[in-house]
Amino acid sequence: MTEMAAGAVKPRKKESYTRMVMKRLLTNPTAAIGLVILAIIILVSVFAPFLTKYSPNDIDYTLVYAAPSAAHPFGCDALGRDMLTRLMYGGRYSLTLGFTAALVGAVIGVSIGLVAGYAGGMTDMIVMRIMDVWSSIPGMLLAILISTTMGAGFGNTILAMTVGGIPGGVRGTRAMCLKEREMEYLEAERAQNCSTVRILFKHLMPNVISPTIVGTTMSIGGTIMGAAGLAYIGLGIQPPNPEWGSMLSEGRSVITTHPYVILFPGLCIAATVLCINMFGDGLRDALDPRLKK
Amino acid sequence: MKKYVLQRCLWLIVVLLCVGFLIFTVMYFVPGKPADVLLTAEATAQEKYEFNQKLGVNDPYIVQLGRYMYNTFIKFDFGTSYVYRVPVLQELNNRVPRTLTLGTIAIVINAFIGIPLGVACAMHQNKPLDHLLMILAMAGISMPDFWLALMMILLFSVKLKWLPPFGIGSWQNWIMPVIACSVQGVAVNARQTRSAVLETIRADFVTTARAKGVPEHDVIYKHMLPNALIPVINMLGGAFGRAIAGTVVIETVFSFPGVGVYMMNGINGRDYPVVRGCVLVLAAFSAVAVLIVDLIYGFIDPRIKAQYEGGGAHK
């Protein structure tokens, strides 16, 4: 709070808030570490072709289940493909998928939730009844159903993971709106003849979004894990694509003899999700206007 | 409040009907007819047609939908498995208790371990206990549950030989599936609870309570926690649904003979009645959990209660 008062005569509120958020975010060690490692993971997966001399689908039968060595630090899989290379390329699938599905789901969910929670009455009832039906099929189950119908694959996995995430955002945002609805500041906005869109997204949203941010952050991680789960049971991204979940699926039959084949893809998922969650936690702390140090 | 309860219960029936409709509609568009999978490659088009005709999958959508809804919701007949020729309901009778037990144990562990941990963290905010528990919770939510399951099999079954890796013979078979199903829920719950309690700690009514000299114990247990736990209870309903859906993948890892494995067999074998029955049953449990949570929510949140008692029942 102190940095606001110092210096500037009368800083515009919006600027100082944004600056405050950025400052809090970057000075939070957990968030910073998460962001840096996540950036490294993203860079490695983007520049994978320059970082490794193998291709993810190079088959070499002399190297079947080769143990980790200098040439192949993480060993080789059932077809003698270099594990490290496959892991590096694998990040592309999981990251794109996780971010796209979670963000699209959150934007749709929060928007619907805001409208329902603020409008109340009939709108709220109809929306929430639809969400009742929607969310009574748990996300993972819905994803399995959609993947079964649409077929496995990258685009369909994104669709499957997005659809399941929407009711959560709606419910969370709407529940917060219910508490916030009767607040005086909204009354004041209405008295000033503020447009509804402005009230919803400029005034109401910042006050109801902090739990949703935690939720959305976790849903990025959750989406990555869900997609890996789908791939594991054979409904997500298919082999030979080097997706982490499908690598786990390919490796499960040799769990007793070659444990590293399933150890490393899982560690990659966990590390990525962990970094996203660490960053998200920092973001939550930074965004919460009511935070007191 | 009676009206609220009645309304919610009636809605459960509507929800289940809608879920049935949704499941049928989505499954209707699955490419490939049963004959393509169940008959041998030598079968002629005529044989395939007759096979499909016997199963009724050549009828128009609306006829099939009507028959499905009538059989499922009026006659409680979920159809017969195309592959095993066993009524789906009969098979579900054996399997549902296992999956339901797994999900219920998981949610009980979530609530009774996750919530107290979250409260403890919030009470000791930024102290070593808080940091330690939050690091553990962070690790918990970041680990794919099915990978944790695989790692447990590797450690406890392959290396140490303490626990059986699959099946359902004895109580030891349940240990790893239960842990795999509940770790994420506990971690999520602890984090959400902590976050909810911290929001409340800063609330004005807590300051007011302290200012007027309410003993600290009462501030926490009478003023703060009841308010903080409202959103947490709301989340438990969804958590149950997630636990139930999560069992599908976990059951696959442990070859645990529950609804999930049955459903996966159904998906792989184009066994529509099996898939429909499994999804409907899992969704029904999830819907009931949400209903229970909504009822509790209505009773404990005075703001919602007031809406219904202050003449606003029709809103």
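The values are calculated or read from the model by the stated rules, or taken from the named source; none is laboratory data. Everything numeric in this text was worked out from a predicted model, so none of it was measured. No Cβ is skipped: glycine too gets one built from the backbone with ideal geometry, and neighbour counts run over all protein chains shown.
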Residue count for the stretch B:58-79, restricted to those that are within 15 Å of B:LEU280 (Cα to Cα) and polar (S, T, N, Q): 2
Any chance B:PHE24 is crowded, with 16+ Cβ neighbours inside 10 Å, outside the structural domain of B:TYR297 (by TED's automatic domain parsing) and closer than 21 Å to B:LEU282 by Cα: yes
Any hit, the stretch B:197-209, residues being surrounded by fewer than 13 Cβ atoms within 10 Å (Cβ to Cβ), part of a loop (DSSP other than H, G, I, E, B) and more than 14 Å from chain A (Cβ to nearest Cβ): no
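Could you run through the stretch B:216-260 and say how many residues are among the polar types (S, T, N, Q) and over 28 Å from A:CYS177 (Cβ atoms)? Explain how you work it out, then say what you get.
Within the stretch B:216-260, the first condition is being among the polar types (S, T, N, Q), and the residues that meet it are B:227, B:234, B:247, B:252, B:255.
The next check asks that each one be over 28 Å from A:CYS177 (Cβ atoms); those that pass are B:247, B:252, B:255.
Number of matching residues: 3.
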Among residues of the stretch B:233-257, those that are part of a helix (DSSP H, G or I), more than 9 Å from chain A (Cβ to nearest Cβ) and over 16 Å from the mean Cα position of the chain (by Cα), counted: 1
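With respect to A:VAL115, determine if the residue is closer than 27 Å to B:GLN7 by Cα and surrounded by fewer than 24 Cβ atoms within 10 Å (Cβ to Cβ). Reasoning before the result, please.
Values: closer than 27 Å to B:GLN7 by Cα: yes; surrounded by fewer than 24 Cβ atoms within 10 Å (Cβ to Cβ): yes.
The answer is yes for A:VAL115.
Let's see how each residue does on (1) more than 8 Å from every other protein chain (Cβ to nearest Cβ); (2) surrounded by fewer than 19 Cβ atoms within 10 Å (Cβ to Cβ); (3) basic (Lys, Arg); (4) at positive phi:
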position	(1), (2), (3), (4)
A:HIS203	yes, yes, no, no
A:ASN207	yes, yes, no, no
A:SER219	yes, no, no, no
A:ILE224	yes, no, no, no
A:ALA228	no, no, no, no
A:PRO240	yes, yes, no, no
A:MET247	yes, no, no, no
A:LEU274	no, no, no, no
A:MET278	no, no, no, no
Number of positions in the stretch B:101-154 that are within 10 Å of chain A (Cβ to nearest Cβ), under 21 Å from B:LEU229 (Cβ atoms) and of a type in the set (S, T, N, Q): 0
Qualifying residue in the stretch A:123-131 (condition: in contact (Cβ under 8 Å) with a residue 40 or more places away in the chain and of a type in the set (Val, Ile, Thr)): yes
Selection count, the stretch B:17-27, where residues are touching a helix residue (DSSP H, G or I) at 6+ places or on another chain (Cβ under 6 Å) and facing chain A (nearest Cβ under 9 Å): 5
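Consider the stretch B:122-174. How many of its residues are of a type in the set (Ser, Thr, Tyr) and farther than 30 Å from B:GLU199 by Cβ? Break it down into steps so the answer makes sense when it comes.
Initially, the stretch B:122-174 is screened for residues of a type in the set (Ser, Thr, Tyr), giving B:142, B:157, B:170.
Restricting the remaining residues to those that are farther than 30 Å from B:GLU199 by Cβ gives B:157, B:170.
Here the count works out to 2.
Only one of these is farther than 19 Å from B:ASP271 by Cα and not assigned by TED's automatic domain parsing to the domain that holds B:VAL219: B:GLU91, B:GLU42, B:GLU47. Name it. Walk me through it before giving the result.
Numbers: B:GLU91 fails: farther than 19 Å from B:ASP271 by Cα; B:GLU47 fails: farther than 19 Å from B:ASP271 by Cα.
When all the criteria are applied, what remains is B:GLU42.
When the stretch B:109-149 is examined, which residues are found to be of a type in the set (A, V, I, L, M) and without any contact (Cβ under 8 Å) to a residue 60 or more places away in the chain?
Filtering the stretch B:109-149 down to residues of a type in the set (A, V, I, L, M) leaves B:109, B:111, B:113, B:115, B:117, B:119-120, B:122-123, B:129, B:132-139, B:141, B:143, B:148-149.
Of everything in the stretch B:109-149, those that are of a type in the set (A, V, I, L, M) and without any contact (Cβ under 8 Å) to a residue 60 or more places away in the chain turn out to be B:ALA120, B:LEU129, B:LEU132, B:LEU133, B:ILE135, B:LEU136, B:ALA137, B:MET138, B:ALA139, B:ILE141, B:MET143, B:LEU148.
Given B:ARG270, B:ARG202, B:ARG210, which one is closer than 19 Å to A:ALA175 by Cβ and not hydroxyl-bearing (Ser, Thr, Tyr)?
One residue alone meets the criteria, B:ARG202.
Take A:ILE213 and tell me if it is in contact with a helix residue (DSSP H, G or I) (Cβ under 9 Å, 6 or more places away or on another chain), modelled with pLDDT of 85 or more, under 20 Å from A:ARG284 (Cα atoms) and part of a helix (DSSP H, G or I). Explain how you work it out, then say what you get.
Details: in contact with a helix residue (DSSP H, G or I) (Cβ under 9 Å, 6 or more places away or on another chain): yes; modelled with pLDDT of 85 or more: no; under 20 Å from A:ARG284 (Cα atoms): yes; part of a helix (DSSP H, G or I): yes.
The answer is no for A:ILE213.
Out of the stretch A:249-267, which residues are in a helix (DSSP H, G or I) and more than 10 Å from chain B (Cβ to nearest Cβ)? Show your work before the answer.
Going through the stretch A:249-267, the residues in a helix (DSSP H, G or I) turn out to be A:249-254, A:260-267.
Within the stretch A:249-267, A:GLU250, A:SER253, A:VAL254, A:TYR260, A:VAL261, A:PHE264 qualify.
Taking the stretch A:102-121 on its own, how many of its residues are more than 18 Å from A:LEU200 (Cα to Cα) and among the hydrophobic types (A, V, I, L, M, F, W, C)? Give the steps one after another, and end with the answer.
We begin by selecting, within the stretch A:102-121, every residue more than 18 Å from A:LEU200 (Cα to Cα); these are A:102-105.
If we keep only those that are among the hydrophobic types (A, V, I, L, M, F, W, C) as well, we get A:102-104.
The total comes to 3.
Could you tell me whether any residue of the stretch B:156-172 is aromatic (Phe, Trp, Tyr), assigned by TED's automatic domain parsing to the domain that holds B:ILE201, surrounded by fewer than 19 Cβ atoms within 10 Å (Cβ to Cβ) and farther than 30 Å from A:PHE264 by Cβ? Full working, then the answer.
Kept after step one, since they are aromatic (Phe, Trp, Tyr), are these residues of the stretch B:156-172: B:156, B:162, B:166, B:171.
From the residues that got through so far, the ones that are assigned by TED's automatic domain parsing to the domain that holds B:ILE201 too are B:156, B:162, B:166, B:171.
Right, trim to surrounded by fewer than 19 Cβ atoms within 10 Å (Cβ to Cβ) and you get B:156, B:162, B:166, B:171.
Retained after the next criterion (residues that are farther than 30 Å from A:PHE264 by Cβ): B:171.
Scanning the stretch B:156-172, I find at least one residue that is aromatic (Phe, Trp, Tyr), assigned by TED's automatic domain parsing to the domain that holds B:ILE201, surrounded by fewer than 19 Cβ atoms within 10 Å (Cβ to Cβ) and farther than 30 Å from A:PHE264 by Cβ, so the answer is yes.
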Unique match (being under 29 Å from B:VAL249 (Cβ atoms) and surrounded by 14 or more Cβ atoms within 10 Å (Cβ to Cβ)) among B:LEU102, B:LEU65: B:LEU102
Residues of the stretch A:136-166 satisfying the condition of being of a type outside the set (Ser, Thr, Tyr), touching a Ser or Thr at 6+ places or on another chain (Cβ under 8 Å) and modelled with pLDDT under 85: A:ILE137, A:PRO138, A:GLY165
Out of B:GLY258, B:GLY238, B:GLY213, B:GLY269, sole residue that is buried (at least 24 other Cβ atoms within 10 Å of the Cβ) and small (Gly, Ala, Ser): B:GLY258
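Just need a number here: residues in the stretch B:50-62 that are within 34 Å of the chain's Cα centre (by Cα) and either assigned by TED's automatic domain parsing to the domain that holds B:ASP271 or buried (at least 16 other Cβ atoms within 10 Å of the Cβ) (or both). Let's see the steps before the verdict.
Filtering the stretch B:50-62 for residues within 34 Å of the chain's Cα centre (by Cα) gives B:52, B:55-62.
Checking the rest, the ones that are also either assigned by TED's automatic domain parsing to the domain that holds B:ASP271 or buried (at least 16 other Cβ atoms within 10 Å of the Cβ) (or both) come to B:52, B:55.
Residues flagged as within 34 Å of the chain's Cα centre (by Cα) and either assigned by TED's automatic domain parsing to the domain that holds B:ASP271 or buried (at least 16 other Cβ atoms within 10 Å of the Cβ) (or both) within the stretch B:50-62 amount to 2.
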Among residues of the stretch B:155-167, those that are part of a loop (DSSP other than H, G, I, E, B) and either without any contact (Cβ under 8 Å) to a residue 40 or more places away in the chain or more than 14 Å from every other protein chain (Cβ to nearest Cβ) (or both), counted: 6
The stretch B:1-16, subset more than 10 Å from every other protein chain (Cβ to nearest Cβ), of a type in the set (A, V, I, L, M, F, W, C) and part of a helix (DSSP H, G or I), residue surrounded by the most Cβ atoms within 10 Å (Cβ to Cβ): B:VAL5
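In this structure, is B:TYR70 away from chain A (no Cβ under 14 Å), within 16 Å of B:GLY269 (Cα to Cα) and either in a helix (DSSP H, G or I) or not charged (D, E, K, R) (or both)?
On the way: away from chain A (no Cβ under 14 Å): yes; within 16 Å of B:GLY269 (Cα to Cα): no; either in a helix (DSSP H, G or I) or not charged (D, E, K, R) (or both): yes.
So B:TYR70 fails the test.
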A:ILE220 being within 26 Å of A:PRO138 (Cβ to Cβ) and modelled with pLDDT of 85 or more: yes
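Checking the conditions here, which among B:LEU129, B:LEU136, B:LEU89 is crowded, with 16+ Cβ neighbours inside 10 Å and part of a helix (DSSP H, G or I)? Spell out how you get there, then give the answer.
On the way: B:LEU129 fails: crowded, with 16+ Cβ neighbours inside 10 Å; B:LEU136 fails: crowded, with 16+ Cβ neighbours inside 10 Å.
Result of the check over B:LEU129, B:LEU136, B:LEU89: B:LEU89.
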Meets criteria (more than 23 Å from the chain's Cα centre (by Cα) and either outside any helix (DSSP H, G or I) or farther than 19 Å from A:ALA116 by Cβ (or both)) for A:ALA227: no
